[in-house]
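*Asks:* Sharing a structure, written as C-alpha cells. Questions coming.
The values are calculated or read from the model by the stated rules, or taken from the named source; none is laboratory data. Everything numeric in this text was worked out from a predicted model, so none of it was measured. Ideal geometry is used to build each Cβ from the backbone, glycine not excepted, and the neighbour counts take in all protein chains shown.
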Amino acid sequence: MRTTTAMESAPYSRYLPWRMLLWLLIAQIMVAFIGRSLGPLGVLIEEDLYLTKAQVGLLPSALFLGQALASIPTGFLADRVGSRPLLLMLSCCLGVSFIVMTFLQSFWLVLLLIMVGGVGYGGMHPTTNRGIVYWHAQRQRGTAMGIKQMGITFGSALSAVLLLPLAETHGWRIVVLTASVGLIAAGFLAFFLYRDPVEKNKKQRTPLSIHSTFSSITMMAKNKPLLLISFSAMGINGSQMCLNTYLVLFTYEQIGINLILAGILLVVSEVGGSAGRIGWGVISDRVFGGKRLTVMAIIVMLTLSASLVVAFLPAGTPYEWLVPLFFVFGFSVSGFNGIWMNLASELVPREQAGLSSGFSITLGSLGVIMLPPLFGYIVDQTAGYTFGWLMISTIMVIVMLLLRQLNILKKEQQASGTN
C-alpha cells in the first residue's frame, strides 16, 4: 500500500511546483494588468486631467513610490507568514485603490490613490518571488522566475491590447474600474488555490519584532553585491518605465503613428519583454550555467544600442521598421527582471529570499520614481524626445560600470573563499 501511494504521489509532487507557479503567474499578470495600464492609458489620462508630459511621468512614479514603501515590509512579512494570504491582501489593495481613483478629478488625489495601489502592486513581487524560491530547485529557478516575471510584461501588453481600445471608446475610468474588479476576483482565486510548501510553514511562522526587522534590513544594506545589483536595477527599471510610459506618446506625436497602432507597438515591446523574461532565464540556466551577471551585461548592451537608435528615429519612419526595433528594445530592457530577481534572491540564504527581493525592489523602484518624470521634463523643455532617449543610453553606460564592479567583487569573494 505504501509503495503504491508513493508511486501515485510522485507525479503529483513532481508537477506541484509548476501548478503553484500557475497561481503565482495569474496573480502577477492581474496586478500588472491594472498597475501597468498607466502606460497605455497615459495619453487619455493626460487629456482628461490636462496634464503636462512631466505630470504623465508622475503617474508611474506614484505607483512605484508605493512599491518602494511596501517591498521591504512585504518581503519580511512573506518570509514569516508565507505567500498565500498576501496574494489576496495585495490584490485587494491595488484593486480597491484604483476603483476609488476612477471617481476622482484632482490630479494630486489620483496620484495618492495610485501610490496606495503601488503598495499592492509592489508587494506582489517579493510575495511571488518567495513562492518561486521555495517551490523550485536552483536548476529550475531561472526558468520559473522568468515565467513568473513574464506575467508583468504580459499583463502590461494585455492592458494595451484590451484597455486602450476600450478606453478610447468608453473612457478610461469605467474600463479601469471594471478591470480592477477582475483583479480582486483573481486575488480570491489565487488565495483558495495556491498553497505554501507545508514543510516550511512551521519555520516561517516566527514572531515578528522591530529589532529583528531592522537587524535583517541592516544586514541587507551591508551586502555589497546586493547593493550593486540593486543600483543596476534602478537604472534599468527606470529606463523600462520610460519606454512603457512614453512609447505611445512618442510614436503618436513625433513619428506620426495613429493611436491604436502606437498602442500595438507597446504590445510588441511588452511581448518582447515577456519573451525576454522567459528567454533570458532559460539562457542563464542552460547556456551560461546560472551565470546571471553575464546575461545582465548582454541585456544592458542591447538596451544601450536600442535606445541610441530610437533617439534618432525621424518622423515618418516606416511602421515595419518600428516593430522589430521595439521588440528588441522590450526584449532587453523589459526582459531583465527575472535575472535581477534571481540574483537578488540567490545572494542571501533561502529563508531571507523574500526580504532580499523586497530590499532590492525598493532600491530598484527609485529609478522608476525618478526617471519617467525626468524624461517627461526633458521632453517638455526640448520639445522633442531625442534627449530623453539619450538619457537612457547614458544610464546604461553607468549600469555597465556597476556590473563590472560587481563582477570584480564576486571574483574577489570567490578567491578569498578558496584561499
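*Asks:* Here are some conditions: (1) more than 24 Å from LEU21 (Cβ to Cβ); (2) touching a residue at least 12 places away in the same chain (Cβ under 8 Å). SER83 meets all but one. Which one does it not meet?
*Replies:* (1)
*Asks:* Given the criteria over 29 Å from PHE288 (Cα atoms), touching a helix residue (DSSP H, G or I) at 6+ places or on another chain (Cβ under 9 Å), buried (at least 20 other Cβ atoms within 10 Å of the Cβ) and not β-branched (Val, Ile, Thr), does GLY131 qualify?
*Replies:* So GLY131 does not fit the description; no.
*Asks:* Which residue out of SER307, SER239 is hydroxyl-bearing (Ser, Thr, Tyr) and either under 17 Å from the mean Cα position of the chain (by Cα) or within 21 Å of PHE33 (Cα to Cα) (or both)?
*Replies:* Going through SER307, SER239 in turn, the sole match is SER239.
*Asks:* For segment 314-329, state whether one or more residues are under 23 Å from GLN140 (Cβ atoms), assigned to a helix (DSSP H, G or I) and not basic (Lys, Arg).
*Replies:* So far as segment 314-329 goes, no, none of its residues is under 23 Å from GLN140 (Cβ atoms), assigned to a helix (DSSP H, G or I) and not basic (Lys, Arg).
*Asks:* Answer yes if at least one residue in segment 341-349 is touching a Phe, Trp or Tyr at 6+ places or on another chain (Cβ under 8 Å) and more than 22 Å from ILE152 (Cβ to Cβ), and no otherwise.
*Replies:* Checked segment 341-349: no residue is touching a Phe, Trp or Tyr at 6+ places or on another chain (Cβ under 8 Å) and more than 22 Å from ILE152 (Cβ to Cβ).
*Asks:* Name the single residue that is surrounded by the fewest Cβ atoms within 10 Å (Cβ to Cβ) among those in segment 36-81 being under 11 Å from LEU111 (Cβ atoms) and of a type in the set (Gly, Ala, Ser).
*Replies:* This residue is ALA62.
*Asks:* Kindly indicate whether GLU199 is out of contact with any Phe, Trp or Tyr (no Cβ under 9 Å at 6 or more places or on another chain), of a type outside the set (A, V, I, L, M, F, W, C), at pLDDT below 95 and surrounded by 16 or more Cβ atoms within 10 Å (Cβ to Cβ).
*Replies:* No, not satisfied.
Residue-by-condition table, conditions (1) charged (D, E, K, R); (2) part of a helix (DSSP H, G or I); (3) in contact with a Pro (Cβ under 8 Å, 6 or more places away or on another chain); (4) under 27 Å from ILE361 (Cα atoms):
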{"position": "CYS242", "(1), (2), (3), (4)": "no, yes, yes, yes"}
{"position": "GLU253", "(1), (2), (3), (4)": "yes, yes, no, no"}
{"position": "SER284", "(1), (2), (3), (4)": "no, yes, no, yes"}
{"position": "LEU293", "(1), (2), (3), (4)": "no, yes, no, yes"}
{"position": "VAL300", "(1), (2), (3), (4)": "no, yes, no, yes"}
{"position": "LEU304", "(1), (2), (3), (4)": "no, yes, no, yes"}
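*Asks:* Would you point out the residue of segment 337-395, among those that are in a helix (DSSP H, G or I), among the small types (Gly, Ala, Ser) and over 18 Å from the mean Cα position of the chain (by Cα), that is surrounded by the fewest Cβ atoms within 10 Å (Cβ to Cβ)?
*Replies:* Filtering segment 337-395 for residues that are in a helix (DSSP H, G or I), among the small types (Gly, Ala, Ser) and over 18 Å from the mean Cα position of the chain (by Cα), the one surrounded by the fewest Cβ atoms within 10 Å (Cβ to Cβ) comes out as SER393.
*Asks:* Failed condition for ILE398, given (1) closer than 21 Å to GLU46 by Cβ; (2) surrounded by fewer than 22 Cβ atoms within 10 Å (Cβ to Cβ); (3) out of contact with any Leu (no Cβ under 9 Å at 6 or more places or on another chain), with all others met?
*Replies:* (1)
Let's see how each residue does on (1) touching a residue at least 12 places away in the same chain (Cβ under 8 Å); (2) closer than 22 Å to VAL397 by Cβ; (3) out of contact with any Leu (no Cβ under 9 Å at 6 or more places or on another chain); (4) buried (at least 19 other Cβ atoms within 10 Å of the Cβ):
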residue: LEU265; (1), (2), (3), (4): yes, no, no, yes
residue: ARG277; (1), (2), (3), (4): yes, no, yes, yes
residue: GLY281; (1), (2), (3), (4): yes, no, yes, yes
residue: ARG286; (1), (2), (3), (4): no, no, yes, no
residue: ALA297; (1), (2), (3), (4): yes, yes, no, no
